[in-house]
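Inspection log for the structure reproduced underneath, given as structure tokens.
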Amino acid sequence: MKISEILDKRAIKIGLTSTTKEETLKELVAVLAKVEDIGDSKGIIKALIERESLGSTGIGQGIAIPHGKTDKVTRLIAVLGISKFGVDFDALDGEPVYIFFLLVAPKATAGPHLKALAQISRLLRDTYFCELIRKCQTAEEVYNLIKNEEDKKH
């Protein structure tokens, strides 16, 4: 599975304006709603907040991978948000988060979203790659950067 297959260019937002965890989740879901018909977004936001209450998806080094399941989507979908100023997301290392990879999966599936989590973690382990993502000016640049990185590895 490639991230570029589940991430639509329109689902990349540079310059998130939110400053709290909950606002950020709402902002990311609003981006998702522009790309996919999700109906009422409250259910997805609730699922994400419930997942966060189990433990922060802020994995450290300025990265968070919030994820949840809903019956509002028929396939795994990713949203990528980039914050210029950082968000206090209760990350494991206590540092602000700048790169958010939101994953929303259909309720009935487990495999694809676990594979996607692993792929994203592998990709974002490279701090230089993360710096490049944060320097991108357009969604197109971010998408191409991810695609090129994936093409190198396959």
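The values are calculated or read from the model by the stated rules, or taken from the named source; none is laboratory data. Just so it is clear, the structure is predicted and the values come from calculations on it, not from any experiment. Methodologically, a virtual Cβ is constructed for each residue, glycine included, from the backbone with ideal geometry; neighbour enumeration extends over all protein chains shown.
Odds and ends about this structure:
- Scanning region 79-125 for residues that are touching a Gly at 6+ places or on another chain (Cβ under 9 Å), of a type in the set (Gly, Ala, Ser) and without any contact (Cβ under 8 Å) to a residue 60 or more places away in the chain yields Gly86, Ala91, Gly94, Ala105.
Residue by residue, here is whether (1) out of contact with any strand residue (DSSP E or B) (no Cβ under 6 Å at 6 or more places or on another chain); (2) part of a helix (DSSP H, G or I); (3) farther than 18 Å from Ala139 by Cα holds:
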| site | (1), (2), (3) |
| --- | --- |
| Arg10 | yes, no, no |
| Thr17 | yes, no, no |
| Leu25 | yes, yes, yes |
| Asp40 | yes, no, yes |
| Glu50 | yes, yes, yes |
| Lys69 | no, no, yes |
| Lys72 | yes, no, yes |
| Ile99 | no, no, no |
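- Selection status of Ser41, over 19 Å from Arg10 (Cβ atoms) and polar (S, T, N, Q): no
- Filter result for Ala11 (at pLDDT 95 or above, surrounded by 19 or more Cβ atoms within 10 Å (Cβ to Cβ), out of contact with any Leu (no Cβ under 8 Å at 6 or more places or on another chain) and closer than 18 Å to Ile133 by Cβ): no
- Residue in region 30-82 that is farthest from the chain's Cα centre (by Cα), counting only those that are farther than 21 Å from Lys115 by Cα and among the β-branched types (Val, Ile, Thr): Ile38
- Of residues in region 124-140 being in contact with a strand residue (DSSP E or B) (Cβ under 9 Å, 6 or more places away or on another chain) and assigned to a helix (DSSP H, G or I), the one modelled with the lowest pLDDT: Leu124
- When residues of region 20-44 are limited to those that are β-branched (Val, Ile, Thr), at pLDDT 95 or above and surrounded by 13 or more Cβ atoms within 10 Å (Cβ to Cβ), the one farthest from Ala105 (Cα to Cα): Thr24
- Of the residues making up region 74-97, those that are on the phi > 0 side of the Ramachandran plot and not in a strand (DSSP E or B) number 2.
- Pick from region 52-69, criterion surrounded by fewer than 19 Cβ atoms within 10 Å (Cβ to Cβ) and of a type in the set (Ser, Thr, Tyr), ranking: nearest to Pro96 (Cα to Cα): Ser56
- Any hit, region 102-112, residues being part of a helix (DSSP H, G or I) and modelled with pLDDT under 95: yes
- Cβ-Cβ distances below 9 Å connect the following pairs, each with a first residue in region 25-51 that is more than 18 Å from Ile65 (Cβ to Cβ), a second residue that is modelled with pLDDT under 90 and of a type in the set (Lys, Arg), and a separation of six or more residues or different chains: Glu36/Lys72; Glu36/Arg75; Asp37/Lys72; Ile38/Lys72; Gly39/Lys72; Asp40/Lys72; Ser41/Lys72; Gly43/Lys72.
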